[in-house]
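The values are calculated or read from the model by the stated rules, or taken from the named source; none is laboratory data. Just so you know, these numbers come straight off a predicted model, no measurement behind them. Virtual Cβ from ideal backbone geometry, glycine too; neighbours counted across all protein chains shown. Please note that ligands, DNA and RNA were not included when accessible areas were found on the heavy atoms of the full protein model with its side chains. Shrake-Rupley method; radii C 1.70, N 1.55, O 1.52, S 1.80 Å.
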Amino acid sequence: FIFRYFDKNTLSPEAVIQPVETPAARTNNLVQLPDGSVVILSPGSTLDFPDTFEGLPKREVVLKGEAYFDVKRMPDKPFIVHSGKLRTTVLGTSFNVKALPGGESITVTVITGKVQVGDEKETFAVLRPDEQIVHHAEDAKKDVLAVNADALASWKLDDLYCDDITVEQAVLLIEERYHAEVQITDELLKQKRFTTTFGKEETLESVLSSLALFNDATYSVDRNPAEKQRVILSPK
C-alpha cells in the first residue's frame, strides 16, 4: 500500500505526509496513526492521513479499500473516516470499513463502541456493536443490519505485515490472535522496535520464538487447558 499526500482541498496545508511504500502486496498491513490508533489495511488498500493531528480540530483520514480501525479515544477530537461519499465518525472504538474502488456499495461494521455514519448533509445511522450499514452507490439506498461483526472482520487475522512496531504493540496482536495473556516484565523491552510478518498459520510458539530472537528476550508459557495460555516475556 502507499501513503500519499492529502488532496489540498481535503485538509489544511500543514497536514501532509511524505509518501511511503511497503513491499507487502498480498498481506494485510498494520498502520500506526499519529494519535496511537491502529489500522489494519487489506491488500491493495490505501489510507491517507497527516503526519500529526496536533493543532487540528478533528482526526481525519481517507480510505480506499477495506480497513479495520481500532481508534484511540479522544473525546475532544473526533476521528473521521472518509470513504467515497460516506463519513464515519467516532470518538474511540473499533470498526470495519469496506469501500472498494468501483464497488457497488460501502459497508461499515461496528465491533465495539458507537459509530455515526452519514455524509456531509445528514446522519444515516448511529451503529452499535454487531450492527452494519450498507450504502448502495446506484440508488443511495441504506440498509442497517444485525451481523456477527467479529466474523465479518476476521480477514484481519490473515498474514499481517508489521513495519517498525514496538514489542508492546506486537503483544496486543498476539493476545488477540491466540487468545493468550502476555506479560512483559521490563519497560525497556516494551518499547523495543522491530519489523515482522505474522503468518496466519503460525503457531503461538513460532511467533514467540521470533519475537524473542529479534528483541534479545526470553519467554515462558503456562498452558493451562482450563484458562487462557499465559506468557511471560522478559529480557535476557
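Using a 7 Å offset from Cα along Cα-Cβ at residue 222, what residues in the range 177-205 end up with backbone N under 15 Å from the label point? Answer for this model: 180-185.
Close amide H pairs (under 5 Å, H built 1.01 Å from N) link residue 147 with 131, 132, residues at least 5 positions away or on another chain. At a 1.4 Å probe, what is the % contribution of carbon and sulfur to the accessible area of the range 104-222? The C+S portion of the solvent-accessible surface of the range 104-222 is 47 percent.
Using the Cβ-Cβ distance between residue 73 and residue 139 with R0 set to 30 Å, the FRET efficiency from 1/(1 + (r/R0)^6) comes to roughly 0.25.
Pairs from the list 72/141; 156/236; 114/156 with a Cα-Cα gap above 27 Å: 72/141; 156/236. With each pseudo-label sitting 7 Å past Cα toward Cβ, what's the residue 181-residue 234 distance in nm, one decimal? Using points 7 Å along Cα→Cβ, the separation is 1.8 nm.
Rounded to the nearest 10 degrees, the angle from helix 204-214 to the longest Cα principal axis of the chain is 80 degrees.
Can you tell me what the convex hull of the Cα atoms of the chain projects to on average, as an area in nm²?
That works out to 14.1 nm², a quarter of the Cα hull's surface.
For the range 20-123, the solvent-accessible area with a 1.4 angstrom probe is 46 square angstrom per residue. Taken per residue, the accessible surface of the range 167-236 reaches 59 Å², heavy atoms only and a 1.4 Å probe.
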